[in-house]
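Student: Sending over a structure as structure tokens; questions will come in a sec.
The values are calculated or read from the model by the stated rules, or taken from the named source; none is laboratory data. These numbers come from a predicted model, not from an experiment. Please note: Cβ atoms are built from the backbone with ideal geometry, for glycine as well, and neighbour counts cover all protein chains shown.
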Amino acid sequence: MEHQMDSSAAARAETSPAQDTARMRAPRDVEVVRARDLPYEAYLREYVRRNRPVVIDGAAEKWPAMQRWTPEYFRERFGDETVQVSYKERMLMRDFVDAVLESTRERPGPYLFRAFLHEHIPGLLADLSPENPYIFAGRFGSALIPERWWRPDGYLKLLMGGVGSKFPVMHYDLEHAHAQITEIYGDKEFYLFPPEDGPNLYPRSLQSNWSQVEDPANPDLQRFPRMAQATPYRAVLKPGQTIFVPMLWWHAARPLTVSISVCTNTLERSNWRGFVHDVCTDGDAGVAKRLLKRGYFEAAGVLMHAMEDFQNLVPGLAKALRLPGLISPAGPDFHQDPSTRQLRFRIPVA
Ligand SMILES: O=C(O)CCC(=O)C(=O)O
């Protein structure tokens, strides 16, 4: 009969809705594309401007880091340097590397996530040249960007940890920044969730880009039942791969082996509006100051846009004139690789 249930359907119907949904959805794989099949313009068009994550394979093959970077290399070459491990903790690199090698699931060691290379370990910069085009920082390198946000290296920083450690919190990056993480040594697992999943991820009340969920792969569904409605994406990043994490996408990362990678941010036309909104919503400034600031950023955005179009249209002339690339480099060909020189930033970001 049409409405008659079989016994298993009846049993399923007896379970409460909470029990019925108390399972995470199986994660979808983040798409993987080979760098040689993904010209920079296609990367912008298909992923950056559509706000879709992707893993790019073989993006940084020419980096000396791919051959050199091992835990031993860091201990031997930089062992005496003090590194900013987290917001609060600083350690000698030698002790940090030992703690990474000893890290286990049962006794997790530290995870390095505040070591900005230009400020803290400029000796590593040469290992990251020539620039991996997919980590190009874009408008963060524009001469029109006020000093506080000027980061032509895209906030280039080192990430390192052992089994059991992890990036401390599932989050999305502030100021609508796009992020890219390039794996150099070992394997690291990522969980990503699209922006619209925000309410299902239990944002913290005081820091709304941080989730309260500690383990997105295996969340406590009694405490966080809405997680069962979220759509997880998963990737295991291998050496030589770069993951693109679009603006507002939530992400969590944990090493599956000892893992060394670098992280960068990008600002360009797709996230410019969000960036301007965020930097101009500064609660401390008065109304007049805020309006002035917004006016400046909006005018700068129009000029950057025009200069980028000009570079794309007549690249030869734009390079000869130099000014368009200074106002806003339209792509990695139009600026100086930030790993070839040490840049000095006024604002300490550690
Ligand atoms: O540890 C990682 O790979 C994630 C890095 C990250 O999300 C960040 O620095 O904002």
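Student: So, in the range 164-179, of the ones that are surrounded by fewer than 18 Cβ atoms within 10 Å (Cβ to Cβ) and part of a loop (DSSP other than H, G, I, E, B), which residue ends up farthest from the ligand (Cβ to nearest atom)?
Tutor: Looking at the filtered set, the residue picked out is GLY164.
Student: Further question on the same structure: Can you tell which of GLU147, GLU196, GLU131, GLU189 is within 16 Å of the ligand (Cβ to nearest atom) and either assigned by TED's automatic domain parsing to the domain that holds VAL85 or out of contact with any Lys or Arg (no Cβ under 7 Å at 6 or more places or on another chain) (or both)?
Tutor: Going through GLU147, GLU196, GLU131, GLU189 in turn, the sole match is GLU189.
Student: Consider only pairs whose beta carbons are under 6 Å apart and that are at least six residues apart or on different chains; among these, list those whose first residue lies in the range 223-241 and is at pLDDT 95 or above and whose second residue is away from the ligand (no atom under 14 Å from the Cβ) and assigned to a strand (DSSP E or B).
Tutor: TYR233/ARG28; GLN241/ASP57
Student: A further question follows. All but one of (1) away from the ligand (no atom under 13 Å from the Cβ); (2) under 17 Å from the mean Cα position of the chain (by Cα); (3) not hydrophobic (A, V, I, L, M, F, W, C) hold for SER259; state the number of the condition that does not hold.
Tutor: (1)
Student: Sort out which residues of the range 286-297 are surrounded by 14 or more Cβ atoms within 10 Å (Cβ to Cβ) and out of contact with any Asp or Glu (no Cβ under 7 Å at 6 or more places or on another chain), and write them in order of number.
Tutor: LYS293, ARG294, TYR296, PHE297
Student: Give the residues of the range 217-239 that are among the small types (Gly, Ala, Ser), surrounded by fewer than 18 Cβ atoms within 10 Å (Cβ to Cβ) and within 15 Å of the ligand (Cβ to nearest atom), sorted by residue number.
Tutor: Within the range 217-239, just ALA217 meets the criteria.
Student: Next up: On the given criteria, is ARG204 without any contact (Cβ under 8 Å) to a residue 60 or more places away in the chain, farther than 20 Å from LEU44 by Cβ and within 16 Å of the ligand (Cβ to nearest atom)?
Tutor: Here the answer is yes, as ARG204 does meet what is asked.
Student: Quick one: would you say GLU214 is in a strand (DSSP E or B) and either of a type outside the set (Lys, Arg) or crowded, with 18+ Cβ neighbours inside 10 Å (or both)?
Tutor: When the stated conditions are applied, GLU214 does not pass them.
Student: Something else: Hey, which of the helices (runs of 4 or more DSSP H) in the range 37-137, taking only ones fully inside, have at least 1 residues that are surrounded by fewer than 15 Cβ atoms within 10 Å (Cβ to Cβ), modelled with pLDDT of 95 or more and of a type outside the set (Lys, Arg)?
Tutor: 40-43, 65-68, 71-78, 93-102
Student: Give GLY123, GLY161, GLY109, GLY141 a once-over and let me know the one that is away from the ligand (no atom under 16 Å from the Cβ), farther than 25 Å from ASP278 by Cβ and touching a residue at least 40 places away in the same chain (Cβ under 8 Å).
Tutor: Answer to the check: GLY123.
Student: Within the range 60-72, can you find the residues that are farther than 16 Å from ASP187 by Cα and in contact with a helix residue (DSSP H, G or I) (Cβ under 9 Å, 6 or more places away or on another chain)?
Tutor: The answer is GLU61, TRP63, PRO64, ARG68, GLU72.
Student: Still on this structure: Testing ALA300 on (1) away from the ligand (no atom under 16 Å from the Cβ); (2) under 16 Å from the mean Cα position of the chain (by Cα), one condition comes back false. Which one is that?
Tutor: Going through (1) away from the ligand (no atom under 16 Å from the Cβ); (2) under 16 Å from the mean Cα position of the chain (by Cα) one by one, ALA300 breaks only (2).
Student: Here is a follow-up. Output the number of the condition that ARG90 fails; it satisfies all remaining conditions of (1) away from the ligand (no atom under 13 Å from the Cβ); (2) in contact (Cβ under 8 Å) with a residue 24 or more places away in the chain.
Tutor: The failed condition is (2).
Student: To continue, here is another question. Got a sec? Which of ASP309, ASP333, ASP278 is surrounded by 13 or more Cβ atoms within 10 Å (Cβ to Cβ), under 30 Å from LYS166 (Cβ atoms) and more than 16 Å from the chain's Cα centre (by Cα)?
Tutor: Residue meeting the stated conditions: ASP278.
The rows are residues; the columns are (1) touching a residue at least 24 places away in the same chain (Cβ under 8 Å); (2) touching a Phe, Trp or Tyr at 6+ places or on another chain (Cβ under 8 Å); (3) within 30 Å of GLU72 (Cα to Cα).
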{"position": "MET247", "(1), (2), (3)": "yes, yes, no"}
{"position": "ALA252", "(1), (2), (3)": "yes, yes, yes"}
{"position": "THR257", "(1), (2), (3)": "yes, no, yes"}
{"position": "VAL262", "(1), (2), (3)": "yes, no, yes"}
{"position": "ASN265", "(1), (2), (3)": "yes, yes, yes"}
{"position": "ARG269", "(1), (2), (3)": "yes, no, no"}
{"position": "TRP272", "(1), (2), (3)": "yes, no, no"}
{"position": "HIS277", "(1), (2), (3)": "yes, no, no"}
{"position": "CYS280", "(1), (2), (3)": "no, yes, no"}
